[in-house]
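Enquirer: Below you will find the structure I want to go over with you.
The values are calculated or read from the model by the stated rules, or taken from the named source; none is laboratory data. Values in this document were obtained by computation on a predicted structure and should not be read as measured data. With ideal geometry, Cβ positions are generated from the backbone for all residues, glycine too; neighbour counts draw on all protein chains shown. Side chains included, ligands, DNA and RNA excluded: accessible areas come from the protein's heavy atoms. Shrake-Rupley method; radii C 1.70, N 1.55, O 1.52, S 1.80 Å.
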Amino acid sequence: MRYPNKSIVLDKNLVKYIYAVGDIHGDFLTFADDLVNSCKVENCCVIVCGDIGLGFYSIDRMKEFFYTMETMFAAKNIFVIFFRGNHDDPTWFEYIEDDFANEYPHIIIAEDFTIVEREGDHYLYRILLWGGAISIDRTRRLPGHTYWSGEGVTPLPAEFAEDKEIHCVCTHSAPDFCLPINSSNLSDWYLVDMQLEKDLKEERETIGKGAWTLCRANKDTMSLWVYGHYHDAYYNNSRMNDELATLFPVRFIGLDMMRYNKVEVQDFNNITYDFYNRPHKNHIIKIFEF
């Protein structure tokens, strides 16, 4: 279901936990199976931080995926929120009131700058969703089928310079002061796309500028920033650079993508910082427990 007022209110009687996972790249049934049968989560909301894979399949095929996911999620009281990455058709995330969206109440497709909130005992816990990124292989992709214009990051709206009591931000890409910082491994892509290096730099700087704005405005509440996109797990230590040291104690966490093989990866970040301790196919962390 799409929400026209950019606010998703989670039912406090149904949602006891909020989790985040990294890119799933269109493997919807592996994702659903891993949540239900491996992670064994229930009574929760799970936020997928972009690169969902929306737009790569026909509507009929997507209905099959969504029907199976809805059945599995409803049985465990799991609400999944999707927001866009670069490997998603942006039109899937525009508010359209249609039967397709309303058939699957446990699957929520959110626009950029949607706020997810859940009432606690004496406060509202708020999460801001901010999608988009640049595809490094965009020149090799087919426009309208495997690549869509408008995939990039939209600057943070001016209204967020005010305190909205945001506790956590979920993005697809990351601020410029977060890992990975070294882009030397992209040199081959820069040779075939002369605009790419500039666009990637602007993307990271845009999110970095937004991070400063959000952390300053919500200095009494912000504690966590989660992102996907880079297909690896990152914990950005506050001693890593001046920006992180200034913004401490906000923790910036990069999520690994979903892994498809049978080798499950033991996640150091979750063990060390007690987010969600398990070997994973989906890299899942616990954002909050009520």
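Enquirer: So, counting K/R as plus one and D/E as minus one, what does the shell of residues with Cβ under 9 Å around Asp176 add up to?
Expert: Local charge sum for Asp176: 0.
Enquirer: Taking a label point 7 Å from the Cα of Asp199 along the Cα→Cβ vector, which residues of the stretch 165-179 have an amide N closer than 19 Å to it?
Expert: Under cut-off, by backbone N: 172-176.
Enquirer: Return the sequence-ordered ³J(HN,Hα) values of the stretch 176-189 in whole Hz as given by the Karplus equation 6.51 cos²θ - 1.76 cosθ + 1.60 applied to θ = phi - 60°, using x for Gly and Pro.
Expert: 5, 8, 9, 5, x, 9, 6, 10, 4, 6, 9, 4, 5, 5
Enquirer: Taking all protein chains in place and a 1.4 Å probe, what share, in percent, of the accessible surface of the chain do carbon and sulfur account for?
Expert: About 50 percent, which is the carbon plus sulfur part of the accessible surface.
Enquirer: What is the sum of charges, Lys and Arg at +1 and Asp and Glu at -1, for the other residues whose Cβ falls under 15 Å from the Cβ of Cys215?
Expert: -1
Enquirer: With a 10 Å cut-off between alpha carbons and a GNM built on the chain, which of Glu159, Glu111, Glu94 moves the most?
Expert: Glu159
Enquirer: A follow-up question, please. For Ile81, what residues show an amide H to amide H distance below 5 Å, using hydrogens built from the backbone and excluding near sequence neighbours?
Expert: Val46, Ile47, Val48, Ile108
Enquirer: In whole Hz, with x marking every Gly and Pro, tabulate ³J(HN,Hα) for the stretch 116-126 from phi via Karplus 6.51 cos²θ - 1.76 cosθ + 1.60, θ = phi - 60°.
Expert: Taking θ as phi minus 60°, the curve returns 9, 9, 9, 6, x, 5, 9, 6, 9, 8, 10 Hz for the stretch 116-126.
Enquirer: Once you compute Rg and the Kirkwood Rh from C-alpha atoms, what is the Rg to Rh ratio for the chain?
Expert: 0.94
Enquirer: Let me ask something else about it. Using θ = phi - 60° and the Karplus relation 6.51 cos²θ - 1.76 cosθ + 1.60, list the HN-Hα couplings for the stretch 150-164 in order, rounded to whole Hz, with x at every Gly or Pro.
Expert: Result, rounded to whole Hz: x, 6, x, 7, 8, x, 4, x, 4, 4, 7, 6, 8, 5, 10.
Enquirer: Among the DSSP beta bridges whose two residues both lie in the chain, what percent are antiparallel, rounded to the nearest 5?
Expert: 35
Enquirer: With every protein chain present, what is the per residue accessible area of the chain (1.4 Å probe, Å²)?
Expert: Per-residue accessible area for the chain comes out at 46 Å².
Enquirer: Just Phe73, Phe65, Phe82 to compare: in a GNM of the chain, with alpha carbon springs under 10 Å, which one fluctuates most?
Expert: Sorting by GNM fluctuation, first place goes to Phe65.
Enquirer: Phe248 versus Asp27, label points 7 Å from Cα toward the beta carbon: distance in nm?
Expert: Label at Phe248, label at Asp27, 3.7 nm between them.
Enquirer: To the nearest 20 debye, what is the magnitude of the charge dipole of the stretch 1-98 about its Cα centre, counting +1 on the Cβ of each Lys and Arg and -1 on the Cβ of each Asp and Glu?
Expert: Computed charge dipole of the stretch 1-98: roughly 420 debye.
Enquirer: Around Glu165, with a cut-off of 12 angstrom between Cβ atoms, what is the net charge of the other residues, counting Lys and Arg +1 and Asp and Glu -1? Before the final figure, lay out each step's value.
Expert: Values: positive: Arg126, Lys164, Lys219; negative: Glu117, Glu162, Asp163, Asp220.
Taking every other residue near Glu165 into account, the sum is -1.
Enquirer: Give me the lysines in straight-line cross-link reach of Lys6: C-alpha distance below 16 Å, same-chain residues under 8 apart excluded.
Expert: Within the straight-line cut-off, Lys6 pairs with Lys164.
Enquirer: Given 0.36 nm per residue, what is the gain on full extension from Asp60 to Asn241 after removing their alpha carbon distance, in nm?
Expert: Between Asp60 and Asn241, full extension yields an extra 60.3 nm.
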